[in-house]
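Report on the following structure.
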Amino acid sequence: QEKKRKRKCIYRSPGSPVGLLSGICLIVGTMIGSGIFISPKSVLLYSGAVGPCLLIWTACGVLSTLGALCYAELGTMITKSGGEYPYFMEAFGSIVAYLYSWTTIMVLKPSSFAIITLSFAEYASTPFYPGCSPPLIVTKCLAAAAILIITSINCLSVKLASYVQNFFTAAKLIIILVIVGAGIVLLAQGKTENFSNAFDGTATSFGAIGLAFYNGLWAYDGWNQLNFITEELKDPFRDLPLAIVIGIPLVTVCYVLVNVAYFTVMTTTELLLSPAVAVTFGDRVLYPASWIVPLFVVFSTFGSANGSCFTAGRLVYASGREGHMVKILSYINVKRYTPAPALIFNGVLAIFYIIPADINALINYFSFAQWFFYGLAALALIVMRFTRKDLDRPVKIPVVLAGIMVLVSCYLVLAPIIDQPELEYLYCTIFIFSGLILYYPFVYRKVNWGRKIMRPITMHLQLLMDVAPPEKTE
């Protein structure tokens, strides 16, 4: 058993080892971004009342925990970085893994990075424009600056990025404790009128409930982040499941209690009309110290963006070394041991996604495709129970949990499409499969002219960024 725990990864991972505390901070810090300060409006809008809104927030936490437990088994069974990518390679083969990496690298990860930095920019610039919204050009430029700073931090040092993540995770937990504490005091004072008739006006539409879950789960997104850096964990067999079991229930409790605090101060109508729910709460409860809420929301979104960048680079790195992306993206800096080309590539794409700045469309696109892959990962776990019985499983969950995850994912993908068909879902599907156009000549056939074009480009970029291929180990 001890020999199994000391198995070596196939490749030397970039950066220094990440411990249990940093792993918990990565999960908590990435999950708690701008979602809990924005999504309460969307969840309430689609759920229709206080009661179902709180139930959906709780159910989203339970669902995230179920999904993360599936990923704990996958991550301790296949100890490679890259999130779902190595699991798809093992269970379904090269094509499915390629389509996942194509979609996630080109759209999901950079668009998520862009969404978070746009939220950061909006909260950071609002105090300088009292009584009106900040100009769009200011928000976009500030978001682009945040992407450049965060990408630079992650390129400089894994340890520095971990310290930044730990600091901002502590900051966001502080503001959540302040909001929850204020809510408990108000409840003790008898502010419970908004909880009477809590289920009046509950939504009954099949699609509306699905959209409520979409927006709630967007706030919870990040529960799988540790699987993107499995090779960099000091002890993945211990730290991965422990970080999941500690981090996700902590976030669930925080989210539910924060929503309870909001409803002690605001009616459903007031909450829906609020431009920024957390700021409105601060103005009503914490005045004259209400300025701390937008300040800590800025901290929260910055920390979440750092976590998103940290893990996104590892997927690009893992995909590049398997030949599914250009090889230069799998190289690491020879002095700092960071996957600099992959991080820079993700940052450049995120800046492009800032240009349209349509956050709602990005969230819908992101959720639809992401939950398709979450369901596919749970299905991969079930498939490998039969096809890869030889693999060691330090963590083994009941297969029924993976089955529930697959069914819920199918519901979340299909419900909004059936209830309210929109072209963006078709565009998403077309984009996913359009990756095959590049897969056949460049990955499957490995055409010579493609290599001839890329060889001098790779050499010049390698010299420019001082990077080299990762070392293989026995």
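Regarding segment 420-442, can at least one residue be identified that is of a type in the set (S, T, N, Q) and in contact with a strand residue (DSSP E or B) (Cβ under 9 Å, 6 or more places away or on another chain)?
no
For MET459, state whether it is without any contact (Cβ under 8 Å) to a residue 12 or more places away in the chain and either in a strand (DSSP E or B) or surrounded by 11 or more Cβ atoms within 10 Å (Cβ to Cβ) (or both).
Yes.
Output the number of residues of segment 78-106 satisfying the condition of being of a type in the set (A, V, I, L, M, F, W, C), open to solvent by less than 10 Å² (accessible area, probe 1.4 Å) and touching an Asp or Glu at 6+ places or on another chain (Cβ under 9 Å).
1
Taking only segment 204-226 into account, find how many residues are open to solvent by 20 Å² or more (accessible area, probe 1.4 Å), closer than 28 Å to TYR85 by Cα and not in a helix (DSSP H, G or I).
1
So which residues in segment 108-121 are open to solvent by 10 Å² or more (accessible area, probe 1.4 Å) and either over 13 Å from the mean Cα position of the chain (by Cα) or not basic (Lys, Arg) (or both)?
SER112, ILE116, PHE120
Among the residues of segment 184-214, count how many are under 30 Å from SER112 (Cα atoms) and either aliphatic (A, V, I, L, M) or modelled with pLDDT of 80 or more (or both).
So the count comes out to 6.
When ASP200 is evaluated against the numbered criteria (1) outside any helix (DSSP H, G or I); (2) without any contact (Cβ under 8 Å) to a residue 12 or more places away in the chain; (3) of a type outside the set (Phe, Trp, Tyr), which criterion, by number, is the only one it fails?
Of (1) outside any helix (DSSP H, G or I); (2) without any contact (Cβ under 8 Å) to a residue 12 or more places away in the chain; (3) of a type outside the set (Phe, Trp, Tyr), only one is false for ASP200: (2).
Restrict the check to segment 418-440 and report whether at least one residue is aliphatic (A, V, I, L, M), part of a helix (DSSP H, G or I), open to solvent by less than 100 Å² (accessible area, probe 1.4 Å) and closer than 21 Å to GLY210 by Cα.
Yes: one or more hits.
For segment 36-53, enumerate the residues that are over 18 Å from the mean Cα position of the chain (by Cα), modelled with pLDDT under 80 and open to solvent by 10 Å² or more (accessible area, probe 1.4 Å).
LYS41, SER42, LEU45, TYR46, GLY48
The values are calculated or read from the model by the stated rules, or taken from the named source; none is laboratory data. These numbers were taken from a predicted model, which means no experiment stands behind them. Quick reminder, even Gly has a Cβ in these numbers, built from the backbone with ideal geometry, and neighbours come from all protein chains shown. Side chains included, ligands, DNA and RNA excluded: accessible areas come from the protein's heavy atoms. Shrake-Rupley method; radii C 1.70, N 1.55, O 1.52, S 1.80 Å.
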